[in-house]
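Right, one structure below, let's go through it.
Taken together, the values in this text are just the output of simple stated rules run on the coordinates, not laboratory data. No experiment lies behind these values; they were computed from the predicted model shown. As a convention, Cβ positions derive from the backbone with ideal geometry for all residues, glycine included, and neighbour counts pool all protein chains shown.
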Amino acid sequence: MPELTRTQTASRSAFLDLQDEQRLVNDGYEFLDEKRILLAAELLRQREAWREARTVFMDRWDRAAKLLPAAVADQGLEGLQVHPRYSLDEAGFEVSGRPYVGQVMLEASMDIGDTGLARDPIRPSGEVRQLATAFRGLLEAAAPLAAITANLHRLMREYRRTERRVRALENVVLPEIRQDLAAMEEHLDLNDQEEVIRVRSLRPED
């Protein structure tokens, strides 16, 4: 005979209550399972977007890295260090978000704008101007990459949390409820049979 996993008496009311609980848990399981699928789909979309954004970022990184030695050769390392800075006063950074299954998916962009020198350099350098342009492009490419990376971290954390809950319902809670229902049903059937036998035994013989 199946054993009850919970310390409760097998009764009709308890059986009906447990059936209600099973329906509620099933609803929760289906909701979480659907959420898990949606999170996985968005993870794949964001991963593809991350790969594209990272390709752009790395291309601009490589360009800046290739231009740096020429600027150092033209100005010298110390001369490059004291070169007047390019202003970022007109730079604009925009962030927007859209809700998605309890999370917020970010989108970010950066427009450096006009980056004039803070003061005129003692010795103007075309190499330094090219290097500055490369780094402006690098900053603009970093904004969307950072937003997508943050999205991936949040989605992965939420997916793992949802996965644990789904597995707990699927492998622990629902099997226990089914076992309890089976045990209760068997106990109730036996009680019904015993009641029928008792009633028959009490009936007067013809």
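A few points about this structure:
- Listed values (1) -0.63, -0.81, -0.88, -1.10; (2) -0.33, -0.58, -0.68, -1.08; (3) -0.31, -0.57, -0.67, -1.19, entry calculated as log10 I(q)/I(0) by the Debye sum over Cα atoms at q = 0.09, 0.12, 0.13, 0.17 Å⁻¹: (1)
- Under Karplus coefficients 6.51, -1.76 and 1.60, residue-wise ³J(HN,Hα) of the range 48-58 in Hz, glycine/proline x: 5, 5, 5, 4, 5, 5, 5, 4, 4, 4, 5
- FRET efficiency for Ala146 and Leu38, using Cβ-Cβ distance with R0 set to 30 Å, rounded to 0.05: 0.80
- Rel. contact order, % - alpha carbon contacts under 8 angstrom, at least six apart, the range 12-197: 33 percent
- Backbone amide hydrogens, once placed in the peptide plane, bring Ile112 within less than 5 Å of Gly92, excluding anything fewer than 5 places away on its chain.
- Förster radius 22 Å - calculated FRET efficiency between Asp120 and Glu78, Cβ distance, rounded to 0.05: 0.75
- Sequence-ordered 3J(HN,Hα) estimates for the range 104-112 from the Karplus curve with 6.51, -1.76 and 1.60 and θ = phi - 60° stand at 10, 8, 8, 10, 9, 9, 9, 10, 5 Hz, glycine and proline given as x.
- Long-range HN-HN contacts of Val101 with modeled amide H, under 5 Å: none
- Ser96-Arg160 FRET efficiency (beta carbon distance; Förster radius 30 Å; 0.05 resolution): 0.70
- Separation in nanometres of the label points that stand 7 Å from Cα toward Cβ, at Asn171 and Lys66: 5.1 nm
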